[in-house]
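Visitor: Before we start, here is the structure in question, set down as structure tokens.
No value in this document is a laboratory result; all are computed from the given coordinates. From a predicted model like this one, the values you see are computed outputs, not experimental measurements. Cβ atoms come from the backbone with ideal geometry, glycine included; neighbour counts cover every protein chain shown.
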Amino acid sequence: MKLSLFNISNFRVDGGAMFGVIPKALWSRQVQSDELNTIEMSLTSPVIETEGRVILVDAGWGDKQDEKFFRHTYLHGGSGLAGGLAECGYTPDDITDVIITHLHADHCGGCFINAPGGGTVPFFPNAIWHMSRVQWEWANESNLREEDAFLPENIRPFGESGKLNLIEEPGELYRGVSLRICYGHTPGMLIPVINFHGKTMVCTGDLIPTVAHIPLLWNMAYDLLPLVTIAEKQEILQEALQNDWLLLFQHDPAHECCALSETPKGIRAGIRGRLSDFI
Ligand SMILES: [Zn+2]
């Protein structure tokens, strides 16, 4: 198995929205905000090569929307989708599978790009799209709370692709890559768990987007069901601590991953750093 990580792009998002009920007086000790109260986020995607498959987890925002849509997103830096894959030694054609943790625009938008003559074409022409059936059906109905995140132009092409694999239950997708299903952030969010040469890593997606989101109450205001998020985090953190797993973050611009340690206040980040520091 080969495992790589790359950052598609940084972007900025309101710090208050990222930390929900946690006062700024507390979160601002962990994360720096600017004069508009925004904080820096990354779009880190793992690529896993196993059993002849090359599996990408999520594909960033993409570029199908106009400038007006992105005016509060401040996309900058990162390697881009094609550039980041190239750094890892792959082309978009090499990708056989994309695990889409959920259909919010910053996770799935890069899967399809505008076609020159109108419509869209897949950015990964040889890929199967894996997502949970619950999330697929939920996103297709959409709702007022997630209307800005579930964009029809991002979601429709999956249905028309004929290559959608809807995951019904948690379990192994390929050897060394299994999927859990969470419901607090949005119903049916996939959490990939990667077993890499005996080391287990959890790609915590929007359940624990950055290292600062490890404390149980430090959750995003975007979560639809905060109590469910807390319970899901508690379960994964306990299992990760007991079994010495690493957490991989999708939105932390400073830390790709961390180990965990037990403290009097609860489970917290232990050693943190880049994936190469751990494997
Ligand atoms: Zn999300």
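Visitor: Starting with the fewest neighbours, write out TRP218, TRP61 ranked by other beta-carbon atoms found within 10 Å of each beta-carbon.
Guide: Ordered from fewest to most neighbouring Cβ atoms within 10 Å, TRP218, TRP61 come out as TRP218, TRP61.
Visitor: So how strong a dipole does the range 2-277 carry about its Cα centre when Lys and Arg Cβ are +1 and Asp and Glu Cβ are -1, to the nearest 20 debye?
Guide: The calculated dipole for the range 2-277 is roughly 480 debye.
Visitor: Evaluate the charge dipole of the range 129-279 about its Cα centre and quote only its size in Debye, nearest 20, assuming +1 on the Cβ of each Lys and Arg and -1 on the Cβ of each Asp and Glu.
Guide: For the range 129-279, the charge dipole is close to 440 debye.
Visitor: Please give the Cα centre distance for the range 54-129 versus the range 1-53, rounded to the nearest Å.
Guide: 17 Å
Visitor: Give a residue-ordered list of calculated ³J(HN,Hα) values for the range 206-223 (Karplus: 6.51 cos²θ - 1.76 cosθ + 1.60, θ = phi - 60°; whole Hz; x for Gly, Pro).
Guide: 8, 6, 9, x, 9, 4, 6, 9, 6, x, 4, 8, 7, 10, 6, 5, 5, 4
Visitor: Still on this structure: Please report, in debye to the nearest 20, how large the charge dipole of the range 53-190 is about its Cα centre when each Lys and Arg carries +1 at its beta carbon and each Asp and Glu carries -1 there.
Guide: Magnitude of the dipole: close to 100 debye.
Visitor: Please say if the range 160-279 is rounded, prolate or oblate, where rounded means a/c under 1.5 for a ≥ b ≥ c the square roots of the C-alpha gyration tensor eigenvalues, and otherwise the choice is prolate for a/b larger than b/c and oblate otherwise?
Guide: oblate
Visitor: A follow-up question, please. Compare the Cα positions of LEU216, ASN195, TYR90 along the charge dipole of the chain (+1 at Cβ of Lys, Arg; -1 at Cβ of Asp, Glu; about the Cα centre) and return the one farthest towards the positive end.
Guide: Most positive-ward Cα: LEU216.
Visitor: If you don't mind, another one. With a cut-off of at most 12 other beta carbons within 10 Å, and DSSP calling the residue loop, which GluC sites (Glu not before Pro) in the range 139-169 qualify? Please list them.
Guide: Counting only loop positions with at most 12 other Cβ atoms within 10 Å, the GluC sites (Glu not before Pro) in the range 139-169 are GLU147, GLU168.
Visitor: Which whole-number percent gives the relative contact order of the chain, counting Cα pairs below 8 Å spaced six or more residues apart?
Guide: Relative contact order comes out at 17 percent.
Visitor: Still on this structure, please answer the following. Straight-line reach from LYS233: which lysines have Cα under 23 Å away, leaving out those fewer than 8 places along the same chain?
Guide: Qualifying lysines at Cα under 23 Å: LYS24, LYS199, LYS265.
Visitor: What percentages, rounded to whole numbers, describe P(r) for the range 2-277 computed over all alpha carbon pairs with 10 Å bin width beginning at zero?
Guide: P(r) for the range 2-277, in whole percents per bin: 7, 31, 39, 20, 3, 0.
Visitor: Report the relative contact order of the range 101-235, percent, no decimals, based on alpha-carbon pairs under 8 angstrom and at least 6 residues apart.
Guide: 21 percent.
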